[in-house]
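Encoded as structure tokens, the structure appears first; notes follow it.
The values are calculated or read from the model by the stated rules, or taken from the named source; none is laboratory data. Every value quoted in this text rests on a predicted model; they were computed, and no experiment measured them. Every residue, glycine as well, gets a Cβ built from its backbone with ideal geometry; the counts of neighbours run over all protein chains shown.
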Amino acid sequence: MISKVRSMRDAIAEHVRDGDTVVIEGFTHLICFAAGHEIIRQRRRDLTICRLTPDLIYDQMIAAGCARKLVFSWAGNPGAGSLHAFRRAIEQGDPPLDIEEYSHFGMVARMSAGAARLPFWVMRDYMGTDLPVANPRIRTVVCPYTGEVLATVPALNPDVTIIHAQRADAAGNTQVWGLLGVQKEAAFASKRVIVVVEELVDESVIRADPNRTLIPGMIVSAVVVEPWGAHPSYAQGYYDRDNDFYVSWEPISRDPKKLQAYLDEFVYGVPDRQAYLVTQPGLVERLKADTRPCEAVSYGF
Amino acid sequence: MASEYSPSEMMAVVAARELRDGEVVFVGIGLPNLACNLARATHAPNLMLIYESGAVGAVPERLPVSIGDPALVTGSLMVCSMADVFQLFLQNGRIEVGFLGGAQIDRYGNINTTVVGKYERPTVRLPGSGGAAEIAIHARRTLIISRLNARAFPDRVDFVTSPGQRCAGRTRKELGMPGAGPVKIVTDKGILEADPETGEMVLTALYPGVTVDEVRSGVGWPLRISEPLHQAVEPPTARELMLLREVLDPKRLFLKG
């Protein structure tokens, strides 16, 4: 077996190119900030960035000038305020940003279609809403069996999808627990997949519990081992969400100068995630998860 | 009966009382989460909480500050993908109650969480739909929680993110929506309910010490008053307040004001 393990720098350099359509998924859980920061550091440009919830990481990528277009369904700082770089782009055109907007179900459906290599996905949705007016790619189809008019959304097939996970083996067989979001669909929809993990494990660990594998190594291009790589997002069983940082983002992102200073210090100012972690003292004390193991099951036959 | 309580405490309590034991509820963060967990701690111990992040049968040990809080996972009955949440639970018709809020809510319960002003260059860009559009379409009934003020309750919303009882003159039935849509709006002053005939939101209940004029001044359309009008919704009990203040939201993250 040839190892797919790479440094974050090499994985991003090889697999994320200017003009790409990029997905960094993870619904609150397992959002790979380490990858987003490396994309900013490598000064990728003209990206179409897609996520259900752009979150702080896409706010940072927009502020850093990486994005030409945002495809999304909910753009806020959950529980804490706004994504102000995103808002400045939309409200003031600073910097200009195209948007393509769906609901969560619509984004999930787009990735499901992409993963199944279908041109679109069918759903009972959007009637009575103004979303199809704002986004003409939300259309309808007449059911050939019942005559019912159903909503459709087009497949999303990213150039590269980046997934953070608890563990994988060197071939990229990736196991996730806790909230699963839309990561499986996003990975299968993508041309290339980068998996970033808290721990690299032996293939035997994966084989001992195959039901926990979300993404098979056969669709993975690169594996990056990056403990705490999701901070300030979280990894179930490893560390909690840094809710204090999410609250502190509100005044940072509200002021373009403070946002730039943040990027200068914590993104451009460090070479990699390990150096970033040095700038975050007390993370282990504040956020390390307690231990709540589950009972193992028997796979015997 | 407790003598002093805040408007947000009253809203959480009134919303909790709307929930029946055993119901399946799609829970949002903030007051809806408090209402659901208050109901679970009082009259509805078998309430089934489903969060759009994929936690089914969640029993959060701490106040979730985000919709994907890890405490929603620990001890839950099931964790599923978001494709499953929207297709196998919501579109399947399994969700009995959905909670929504919004920057603007109009006469027919249409909700705007997308933009204030024009879509292309809005005055204020709001977060967008999230799962709200499909919750409003599919949940068997939807409860809205929102504070009254005339700007937040215009005659027509700037953008329909989540459909109410009538969208551009057409009824939910004509539009083919499976759920009943927003049937009640729990406000800080009283309760509005959708008129079964017209779909218009009508004042049906007042909280203690509130006048009809106070409600009227917080609504941007000529508000109709139901006959009879329920004059005095029960205020929070001492136990409800104790649970909210000491157990569910001790840091008062969502209960301030």
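Does the range A:95-104 contain at least one residue that is under 16 Å from the mean Cα position of the chain (by Cα) and at the interface with chain B (Cβ under 10 Å from one of its Cβ atoms)?
Yes; the residues of the range A:95-104 include at least one that is under 16 Å from the mean Cα position of the chain (by Cα) and at the interface with chain B (Cβ under 10 Å from one of its Cβ atoms).
Inside the range A:241-257, can you point out the residues that are surrounded by 14 or more Cβ atoms within 10 Å (Cβ to Cβ) and either in a loop (DSSP other than H, G, I, E, B) or of a type in the set (D, E, K, R) (or both)? Within the range A:241-257, A:Arg241, A:Asp242, A:Glu250, A:Arg254 meet the criteria.
The number of residues in the range B:162-210 being within 20 Å of A:Leu131 (Cβ to Cβ) and in contact with a helix residue (DSSP H, G or I) (Cβ under 6 Å, 6 or more places away or on another chain) comes to 6.
A:Ser221 passes every criterion in (1) assigned by TED's automatic domain parsing to the domain that holds A:Val16; (2) more than 27 Å from A:Asp159 (Cα to Cα) apart from (2). Pull up the range B:170-202, narrow it to residues that are surrounded by fewer than 18 Cβ atoms within 10 Å (Cβ to Cβ) and closer than 17 Å to B:Leu100 by Cβ, then point me to the one that is farthest from the chain's Cα centre (by Cα). Looking at residues that are surrounded by fewer than 18 Cβ atoms within 10 Å (Cβ to Cβ) and closer than 17 Å to B:Leu100 by Cβ, I get B:Pro178.
Among residues belonging to the range A:55-75 that are surrounded by fewer than 21 Cβ atoms within 10 Å (Cβ to Cβ) and on the phi < 0 side of the Ramachandran plot, point out the one that is farthest from the other protein chains (Cβ to nearest Cβ). Across the range A:55-75, the extreme among qualifying residues is A:Arg68.
If you go through the range B:52-80 and keep only what is of a type in the set (Ser, Thr, Tyr), within 24 Å of A:Tyr246 (Cα to Cα) and modelled with pLDDT of 95 or more, you end up with B:Ser53, B:Thr74.
Of everything listed in (1) out of contact with any His (no Cβ under 7 Å at 6 or more places or on another chain); (2) within 8 Å of chain A (Cβ to nearest Cβ); (3) surrounded by 17 or more Cβ atoms within 10 Å (Cβ to Cβ), the single unmet condition for B:Thr123 is (3). Looking across the range A:127-154, the residues that are within 30 Å of A:Arg44 (Cα to Cα) and either away from chain B (no Cβ under 14 Å) or of a type outside the set (A, V, I, L, M, F, W, C) (or both) come down to A:Asn135, A:Pro136, A:Arg137, A:Pro154. Among the residues here, B:Ala132 qualifies as in contact with a His (Cβ under 9 Å, 6 or more places away or on another chain) and closer than 12 Å to B:Ala103 by Cβ.
Taking the condition in contact with a Pro (Cβ under 7 Å, 6 or more places away or on another chain) and at pLDDT 95 or above, does B:Val160 pass?
no
In the range B:53-108, of all residues being β-branched (Val, Ile, Thr) and within 25 Å of A:Gly81 (Cα to Cα), the one that is farthest from the other protein chains (Cβ to nearest Cβ) corresponds to B:Ile105. Of the residues examined, A:Gly181 is not one that is part of a loop (DSSP other than H, G, I, E, B) and out of contact with any Ser or Thr (no Cβ under 9 Å at 6 or more places or on another chain).
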